[in-house]
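Notes to accompany the following structure.
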Amino acid sequence: MNRIFSGVQPTGNLHLGNYLGAIRNWVRLQKEFECIFCVVDMHAITVWQEPAALTASTREVAAAMIASGVDPKANIIFNQSQVSAHAELAWVFNCVARLGWLNRMTQFKEKAGKNRENASVGLYAYPNLMAADILLYKATHVPVGEDQKQHIELARDIAQKFNNDFKTELFPVPEPLILGAATRVMSLRDGTKKMSKSDPSEYSRIAMTDGPDEIAKKIRKAKTDPEPLPTDREGMTGRPEAANLIGIYAALSDSDVEDVVKKYGGEQFSTFKQHLADLAVSSLGPIGEEMKRLMADPGYVDSVLRDGAERARAIAEPIMREVHDVVGFLRP
Ligand code: TYM
């Protein structure tokens, strides 16, 4: 059976990259797969989070999923810390994964920066918890943006090593699903940097809750080069900002990059940006409005997460029992 698991960290500032790289694809995949979507609050605390802000961001991410069109009844939406088996399986995986594997993780290197000695142990072991998220449900497919590919490869290595070490076929080896024309949305201020929640500049990203004026202003101010738009895909080489805006347009309009350069090749950026802003406002505007409405009703959002956690636990428990048996843990 095919099952999807994916997650988003509640660290504030949900943006267009999260939407186009992940959440929007989930909305489509929910028709074909059994889906489990998680607000990964335990991953969030690998770097410091103000407790009240963490609670608010957890509700914001859940609201984003629902507002984008993920059906919380047909799928499971929950926050990770409500299902304690994530932490339990992560510990087993801490004992399966090798230091050498984690040392290769580029996200740790980026996030820890120069001051590695001061990074939390959790930040280092982050990918093991992510493998636990996926494998706790025996998920077969993991829809994510490009930046998570290395983490999914590690989850595959962990599944394979666990199966080999214990001579079992308990875990499926999960496949990444990296879909659409914008699998790596870049900063609007610098086309060589990923659009990210932690960029200090608000103008680097379009937030999922931005209103029409903010969206239009950010796109107008987005960095570009002085040339008109390229007329073919090759013409995007060495023009990261142009490539990024074209990719965003393609993703939002459900077309591909070739169609966009055919339509706008040779035009000035000022014209293209106006069209892109209209497109972004019409796609994101209603989602942002619905998110705000849901966030004003925390009782409802919390009830979705509670119900989701209960259903997640029901799937996880028998799988965790299998893990205990395979590892040789005595059970009551
Ligand atoms: P997070 O919270 O950084 O991002 C959530 C999702 O958004 C995608 N994404 C992007 N896609 C395109 N362009 C961008 N600029 C961009 N920025 C973010 C991410 O690829 C991701 O799909 N480790 C994960 C969360 C996680 C997870 C999991 C995912 C925890 N456990 C299990 C899948 C399965 C993360 O930090 O995502």
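For segment 140-177, the candidate set comprises residues that are among the aliphatic types (A, V, I, L, M), more than 8 Å from the ligand (Cβ to nearest atom) and touching a residue at least 60 places away in the same chain (Cβ under 8 Å); within that set, the residue that is nearest to F93 (Cα to Cα) is I158.
Taking segment 244-264, which residues are of a type in the set (D, E, K, R), closer than 13 Å to L279 by Cβ and assigned to a loop (DSSP other than H, G, I, E, B)? Matches in segment 244-264: D254 only.
The single condition among (1) buried (at least 23 other Cβ atoms within 10 Å of the Cβ); (2) in contact with a strand residue (DSSP E or B) (Cβ under 8 Å, 6 or more places away or on another chain); (3) of a type in the set (F, W, Y) that F33 does not meet is (1).
Taken residue by residue, segment 45-58 has no member that is in contact with a Leu (Cβ under 7 Å, 6 or more places away or on another chain), in a helix (DSSP H, G or I) and either of a type in the set (V, I, T) or surrounded by fewer than 23 Cβ atoms within 10 Å (Cβ to Cβ) (or both). The single condition among (1) open to solvent by less than 30 Å² (accessible area, probe 1.4 Å); (2) assigned to a loop (DSSP other than H, G, I, E, B); (3) within 30 Å of A139 (Cβ to Cβ); (4) within 15 Å of the ligand (Cβ to nearest atom) that K197 does not meet is (1). Under the condition of being part of a helix (DSSP H, G or I) and either without any contact (Cβ under 8 Å) to a residue 60 or more places away in the chain or within 7 Å of the ligand (Cβ to nearest atom) (or both), the residues counted in segment 5-27 number 7. Screening K111 against (1) part of a helix (DSSP H, G or I); (2) modelled with pLDDT of 95 or more; (3) open to solvent by 20 Å² or more (accessible area, probe 1.4 Å); (4) not hydrophobic (A, V, I, L, M, F, W, C) leaves a single unmet condition, (2).
Scanning segment 224-254 for residues that are surrounded by fewer than 18 Cβ atoms within 10 Å (Cβ to Cβ) and within 21 Å of N18 (Cβ to Cβ) yields P240, S253, D254.
The values are calculated or read from the model by the stated rules, or taken from the named source; none is laboratory data. Not measured: the values here are computed from a predicted model. Heads up, the Cβs are rebuilt from the backbone with ideal geometry, glycines too, and the neighbour counts pull from every protein chain shown. Remember, those area values only see protein heavy atoms, side chains included, never the ligands or the DNA or RNA. Shrake-Rupley method; radii C 1.70, N 1.55, O 1.52, S 1.80 Å.
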